[in-house]
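A.B. asks: Quick one: structure below, then a few questions.
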Amino acid sequence: MLNAGCRLGLFPLLSAEPGSTAEEVGAGLGLNPRPTQTLLLGTTALGLTTHEGGGYRNAELIEQRLRDGTWEIIEDLVAFEAGIVVPADPDFTESLRQDTNVGLRRLAGEGTDLYHRLTHHPELSDLFYRCMHSWSRLSNPVLVAEADLSGVTRVLDVGGGDGVNAIALAQANPGVEFTVLDLPGAVGIARRKVAERGLADRISVVEGDIFADDYPAGHDCVLFANQLVIWSPEENTALLAKAHRALPAGGRVLVFSAVSDESGDGPLYAALDNVYFTTLPAAKSTIYHWGQYEEWLTKVGFTDVARHAGNTWTPHGVVSARKP
């Protein structure tokens, strides 16, 4: 119902014309009476819209998002769920049985992870990176607040996608330069985004495989933002070891991600999001708990390992460490 309301334009219509009757809603959306009734019954029963005195309005939660300009983020996330996540959801049980991302079979192409498969599907790739950009807009306040870049001159953003994390950090840290490293499907989008924000002189974009290719030299901080949830513990250990080798003495590593509780009972967001991570991105994707990141960082030689919780409705946080 939420997806249908988004795609049909129901919520902007009710924001512009609150109190519209079912007939007026149908006319505005180009729907016949029966589907209009079906849509409005569903959205109202779910609390997405309200019905009083014969007229329909948006629920206050939705109306607030339309007023503050964040509704486009919600629309992007709903589109991501509908276009990429939901088609693979029926494979969740089998993914649990086989201990691998069975849902990837829904996407034709080469490669054993979602990101390589997306290179064969330009429209889905654009949708994916657009939605990851919107998701990062929601979580990046935690990254900006908790990532201490004092004394840092240049950050390597490993698997930096469309550059959203580097852009946010560059805007908050004007004396720091950045390099975004990612696959071909992402770097073209990243270059465009960086140029649009006038940051091409401070943010470089490099095409490469984060496992197979050498990391560009000259960085005193390596950032893994929403990246290590994708890979297995062994792969994450390898990535962190690679960062350790690339950094000079005193260099810093930052891991930014959604994190689960070590108690094993939450948060609910992490538990539910793990359906997606188990089914689709890569063979061993999962939302790890704080202690696992700390263990891997210590194992490969980092010291001064510390956790920085975001304390927001999303369970994001930063784990920092230093190369001695």
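The values are calculated or read from the model by the stated rules, or taken from the named source; none is laboratory data. These numbers were taken from a predicted model, which means no experiment stands behind them. With ideal geometry, Cβ positions are generated from the backbone for all residues, glycine too; neighbour counts draw on all protein chains shown.
A.B. asks: What is the residue count in the stretch 179-220 for residues that are assigned to a strand (DSSP E or B), over 15 Å from Ala246 (Cα atoms), modelled with pLDDT of 95 or more and not aliphatic (A, V, I, L, M)?
C.D. replies: 1
A.B. asks: Here is a follow-up. Going by what's in this entry, would Val164 be described as at pLDDT 95 or above, on the phi < 0 side of the Ramachandran plot and assigned by TED's automatic domain parsing to the domain that holds Thr286?
C.D. replies: no
A.B. asks: Restricting attention to the stretch 137-178, report how many residues are hydrophobic (A, V, I, L, M, F, W, C) and in a loop (DSSP other than H, G, I, E, B).
C.D. replies: So the answer is 4.
A.B. asks: Which condition breaks for Leu96 when tested against (1) at pLDDT 95 or above; (2) hydrophobic (A, V, I, L, M, F, W, C); (3) in contact with a Lys or Arg (Cβ under 9 Å, 6 or more places away or on another chain)?
C.D. replies: (3)
A.B. asks: Would you confirm whether any residue within the stretch 227-235 is closer than 27 Å to Ala170 by Cβ and β-branched (Val, Ile, Thr)?
C.D. replies: Scanning the stretch 227-235 turns up at least one residue that is closer than 27 Å to Ala170 by Cβ and β-branched (Val, Ile, Thr).
A.B. asks: Related question: Hey, can you tell me all the residues within the stretch 286-309 that are surrounded by 15 or more Cβ atoms within 10 Å (Cβ to Cβ), more than 14 Å from Asn236 (Cα to Cα) and touching a Ser or Thr at 6+ places or on another chain (Cβ under 7 Å)?
C.D. replies: Answer for the stretch 286-309, where residues must be surrounded by 15 or more Cβ atoms within 10 Å (Cβ to Cβ), more than 14 Å from Asn236 (Cα to Cα) and touching a Ser or Thr at 6+ places or on another chain (Cβ under 7 Å): Val305, His308.
A.B. asks: Considering only the stretch 310-319, I want to know if a residue exists there that is in contact with a Leu (Cβ under 9 Å, 6 or more places away or on another chain), surrounded by 15 or more Cβ atoms within 10 Å (Cβ to Cβ) and more than 30 Å from Ala82 (Cβ to Cβ).
C.D. replies: Within the stretch 310-319, one or more residues are in contact with a Leu (Cβ under 9 Å, 6 or more places away or on another chain), surrounded by 15 or more Cβ atoms within 10 Å (Cβ to Cβ) and more than 30 Å from Ala82 (Cβ to Cβ).
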